[in-house]
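Here's the structure we're looking at; comments come further down.
The values are calculated or read from the model by the stated rules, or taken from the named source; none is laboratory data. Keep in mind that what you see is a predicted model, and the values were worked out from it rather than measured. Virtual Cβ from ideal backbone geometry, glycine too; neighbours counted across all protein chains shown. Ligands, DNA and RNA are stripped out before the accessible areas are found, and what is left, the full protein with its side chains, is counted by its heavy atoms. Shrake-Rupley method; radii C 1.70, N 1.55, O 1.52, S 1.80 Å.
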Amino acid sequence: MGAGSSTEAEREPLLAPSHPEADSPPVNSRVYGRRWLVLTLFSLLALMQGMVWNFWGPIQNSAVHALGFTKSDIAVLVLWGPVGYLPWFLFMWLMDKKGLRASLLLSTFFMLLGAALRSFPLTDQPLRRWLIHGGQLLNGLAGPTIMSAGPLLSTTWFAPDQRATATAVASLFCYLGGAAAFVVGPLVVPAPTHPGGNRGELAVVAVLFSAVLALLPVSPPMRPVLRLRAMRLGYRSSTLNLRFLMIALAYAVPTGVWAGWSGVLDMVLTPAKVSQVDAGWIGFWSTVGGCVFGVAMARFADSIRGMLKLILVLMLAGASLSSTWFTLTCLSRVTHLPSTAAILYTSCILLGIFINSSIPIFLELFIETVYPVPEGITCGVVTFLGNLVTGLLLFFLTFYCTDVSWLNWCLTGSCLFSLVLILFFRESYDRLYLDVFVSV
C-alpha cells in the first residue's frame, strides 16, 4: 500500500485487542445520517471564519480611503489570523479532552464576539479601527479549531471509504470562505467608498452559533469503524521524529506562503495594473478551483487507498511549474514573456488549484504517519506551523511593502522545497491497515 510501508514489527504495539478470545461477541459499528448535518455546520463555520479573515485584503484601496488604513495596516489585519494561532495547544487540548462540540462552541463564540465588535456604528474612526483589529483577532482565535478539526470529524463520523472526502470538504471550506471574500468584498465595497455593513455578518454568525448549540451532537452513539485497542503514544515522541517533521514542513511552507500571498493578492497584482475587482476574481477562481479539485482528488484517494504520496508529488509538481510561470510573467520587463490578463488568470488559478487541493491529502497522510496520536493534536501541530509561516511572511511585509515582487519568489521557492521533501518522504498507512485488514 504505497512505497516504504511500515513493517509488521513497527505495527506490533498497535495491535493489542482488549478481548483476544476467539469467541468474544462482536461489537457493532455504524454510520449515521446526521453526519451530513455535522459536516454542513462545520463547513459553514469554516466558510465564515475564512471570509472574515480575508475580508480586508481584497478591499485595501477602499479601506485606505475610508478608514485611513495604510498598506501595513492591511497586512496586520490579515496577520491577526496567524496570531490567533499562538495559543493553539490549548485549543488542541480542549478538542482532545472535551470533543468537537465544546471546541466548536468556543470557536463560534469568539467569531460572534468579533463580529459584534466590528459592527459597532462608531463615528470615532481611531476607536473604530481598534475595534476592527480586536474583531479580527477574535476571529483568528477560532482558526486553530476550524482549520484542525476536519480529520477528527471525518474519523469520528465517517466510514473509511468516505473519510478523505469528508476531510476535504471540512478543511477546504475555510479556504472557500477566503475565496468568497475576494468577490463579496469588492462587490459590497466598491472602491473607494466606505467599507461598512458588518451587521449581516453578525446575524449569520449568530445563527450558526445557535445551530451548533442546539443541533451538534457530542459524538455518534457508535463509531463508524471498530478498531482494536491501540496504544496511545506520547505527543512528543510521536511528532518529534524525522518523518513527521519532513511532511509537516512540506505542508506548512507552501500553504503558509500561499495563505499570506493570497491574502494580499490585490497588492501583488497592482504593479501588473490589475484592478481591485479583477484581482478579486483571480483570487476567487484560484481558491474555488482548488476546493473543487481537492474534493475530487480526495474522492479519488478514497477509491485507491494507499497512494497519497503519489497524489501529492503530482500536485506539488504542478504548483511548482505554475508558480514559476506566474513569477516570470510578472517580470515581463526582464524575461520578455507575454503578460496578459489571460496568462495571469491562468497561471494564478492553476497555482491555487494545485496548492489548495493538496491540503486534505496532506492532512490524511499526517494522520497515517503518526497514528495513533489523536487527529486534533496532529493537525493542530502542522496547521500551527503553516500559520507561523504565514505570520512571518506578513510580518516582513509590514516592513517591505513598497516592492512586493519578492513574495512571488517566496511562493515559487516554497513549492519546490515541498516537492523535494515529499520525494524523499517514506509513507506508511498504519491506520488504514487497522481499518481495512484488522477490523474486518
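The table for this structure:
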read-out	value
Output for the range 382-415, where each listed residue is in contact with a Ser or Thr (Cβ under 7 Å, 6 or more places away or on another chain) and loosely packed, with under 15 Cβ neighbours inside 10 Å	Trp409
Residues satisfying the stated conditions in the range 116-158, i.e. of a type in the set (Gly, Ala, Ser) and open to solvent by less than 10 Å² (accessible area, probe 1.4 Å)	Gly135, Gly140, Ala142, Gly143, Ser148, Ala149, Gly150, Ser154
Members of the range 269-285 found to be of a type in the set (Val, Ile, Thr), assigned to a helix (DSSP H, G or I) and open to solvent by 10 Å² or more (accessible area, probe 1.4 Å), listed by number	Thr270, Val277
Checklist (1) surrounded by 24 or more Cβ atoms within 10 Å (Cβ to Cβ); (2) not in a helix (DSSP H, G or I) applied to Pro372, failing item	(1)
Candidates Val295, Val313, Val288, filtered to the one that is open to solvent by 40 Å² or more (accessible area, probe 1.4 Å), assigned to a helix (DSSP H, G or I), touching a residue at least 24 places away in the same chain (Cβ under 8 Å) and not assigned by the TED database to the domain that holds Ala159	Val295
Residue match in the range 341-353 (condition: of a type outside the set (A, V, I, L, M, F, W, C), open to solvent by 30 Å² or more (accessible area, probe 1.4 Å) and farther than 23 Å from Gly294 by Cα)	no
The range 193-209, residues that are surrounded by 14 or more Cβ atoms within 10 Å (Cβ to Cβ) and either more than 18 Å from Phe55 (Cβ to Cβ) or modelled with pLDDT of 85 or more (or both)	Leu202, Val204, Val205, Ala206, Leu208, Phe209
Selection within the range 210-244 - part of a helix (DSSP H, G or I) and at pLDDT below 85	Tyr235, Arg236, Ser237, Ser238, Thr239, Leu242, Arg243, Phe244
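Residues are listed down the side, and each one gets a yes or a no for (1) in the same structural domain as Val184 (by the TED database); (2) assigned to a helix (DSSP H, G or I); (3) open to solvent by 10 Å² or more (accessible area, probe 1.4 Å):
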{"position": "Phe55", "(1), (2), (3)": "yes, no, yes"}
{"position": "Ile74", "(1), (2), (3)": "yes, yes, no"}
{"position": "Val78", "(1), (2), (3)": "yes, yes, no"}
{"position": "Leu86", "(1), (2), (3)": "yes, no, yes"}
{"position": "Leu90", "(1), (2), (3)": "yes, yes, yes"}
{"position": "Lys97", "(1), (2), (3)": "yes, yes, yes"}
{"position": "Ala102", "(1), (2), (3)": "yes, yes, yes"}
{"position": "Ser107", "(1), (2), (3)": "yes, yes, no"}
{"position": "Gly114", "(1), (2), (3)": "yes, yes, no"}
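Condition check ((1) assigned to a helix (DSSP H, G or I); (2) at pLDDT 85 or above) across all residues:
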{"residue": "Gly376", "(1), (2)": "yes, no"}
{"residue": "Val382", "(1), (2)": "yes, yes"}
{"residue": "Thr390", "(1), (2)": "yes, yes"}
{"residue": "Phe396", "(1), (2)": "yes, no"}
{"residue": "Tyr400", "(1), (2)": "no, no"}
{"residue": "Asp403", "(1), (2)": "no, no"}
{"residue": "Thr412", "(1), (2)": "yes, yes"}
{"residue": "Ser428", "(1), (2)": "no, no"}
{"residue": "Tyr433", "(1), (2)": "yes, no"}
